[in-house]
Structure formats: C-alpha cells, structure tokens
1. Measure of size requested: the Rg and Dmax of region 53-114, with Cα atoms as the atom set and Å as the unit; please supply both.
2. Between helix 92-103 and the chain, what is the angle of the helix's C-alpha long axis to the longest principal axis, kept within 0 to 90° and rounded to the nearest 10?
3. Would you mind checking the tilt of helix 138-158 against the longest principal axis of the Cα atoms of the chain, expressed as 0 to 90 degrees and rounded to 10?
4. Return a whole-number percent for the relative contact order of region 1-147, with Cα pairs under 8 Å and 6 or more residues apart as the contact set.
5. If each DSSP helix of 4+ residues adds -39,500 (n - 2.57) and the sum is divided by the residues in the chain, what number results at 222 nm, nearest 500 deg cm²/dmol?
6. Which shape class applies to region 79-125: rounded if a/c is under 1.5, otherwise prolate when a/b exceeds b/c and oblate if not, where a ≥ b ≥ c are the square roots of the Cα gyration tensor eigenvalues?
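Derivation of every value follows stated rules applied to the coordinates shown; laboratory data play no part. What you see is a predicted model, and the numbers here were worked out from it, not measured in a lab.
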C-alpha cells in the first residue's frame with residue numbers, strides 16, 4: 001500500500017470545531033465521516049506522488065518555506081497520529097496564501113525542477129526515480145497528481161475553505 005497523502009477541504013467552521021475537539025480528527029478523516037457540521041466534503045489523495053511534489057515545491061525532502069511546504073511540514077498539527085503523524089490543518093487564510101503561490105507555479109514550470117537524480121539523492125519516496133522513462137513515466141505521474149492537487153487547492157481558496165492534510 002505505502003504512504004499516501006490525503007487532503008480534505010472543509011469549511012472554516014468545521015476546522016474551528018476540530019480545534020476545539022481534536023480527538024474527532026481521525027473520525028472526521030475516516031470513511032463514512034460524521035455528518036452534521038462535518039459535510040459534505042471534497043477529498044483528494046495524490047497517491048505516492050506527494051513526496052516528489054513536496055520536494056519540487058520546496059527543494060527539501062521534509063522541510064521548506066511556507067506556504068509551499070504544506071504537504072510534509074506546513075500547517076498546524078491537529079489530533080492524534082493518523083498513520084504517519086497527526087493531520088495538519090491550514091485555515092482559509094493560509095489556503096489563500098498557498099493558492100496564490102501555486103497560481104505562480106503551473107505544472108510546466110514545476111516540472112522544470114524535475115530531476116530524477118536529485119529525487120533519488122534526497123531519498124524521495126517512493127524509490128522509483130532511477131527507472132528508465134520508457135518503462136515508467138515518473139515525471140508524468142508527478143505532473144498528473146500535481147495538476148489535480150493544484151486545482152484542488154485553487155478551488156478551496158476560491159470557496160474560502162480550510163484544509164486538512166494527512167499521510168496514511
């Protein structure tokens with residue numbers, strides 16, 4: 001299965017409720033999440049491309065500058081461990097800042113940073129970067145998920161939504 005990054009857009013009021021009761025985060029992220037103040041949701045997973053996307057955005061395996069470090073390091077931790085650490089949240093103003101930064105990084109610009117040797121040297125998950133392009137289009141894999149993630153974040157900002165990020 002592996003490590004998968006998951007993103008959930010949510011109204012700011014839902015994020016406030018979760019901050020008041022962080023024990024509800026794992027239920028909120030799970031299948032068949034609660035209803036009431038929690039729903040409906042827009043969810044996205046970017047499979048195993050998350051770490052490469054983070055690296056291309058930040059130049060770092062695990063850190064990076066805000067707001068582009070949102071996948072592996074950005075936002076505030078909330079709740080208990082949901083797989084590989086607690087979920088992290090970005091409020092709607094942080095999502096707006098992130099969207100502005102991503103607006104400046106269309107897929108073709110981000111892919112200029114794609115370097116399989118650099119990804120391998122930085123131990124970027126999953127370990128596929130040394131595969132021949134004719135056998136495994138790792139650049140296309142990352143590009144496809146980045147484009148979907150970028151659109152997801154831009155839509156969240158246009159709707160003044162907050163964001164939960166988890167790796168499970």
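1. According to the Cα coordinates of region 53-114, Rg and Dmax are 12.4, 37 Å.
2. 20
3. Once rounded, the angle reads 30 degrees.
4. Numbers: 164 pairs, mean separation 35.6, N = 147.
Relative CO of region 1-147 lands at 24 percent.
5. Values: 7 runs with 66 residues, N = 168.
Dividing the helical sum by the residues of the chain leaves -11500 deg cm²/dmol.
6. Oblate is the answer for region 79-125, as a/c is 1.5 or above yet b/c matches or exceeds a/b.
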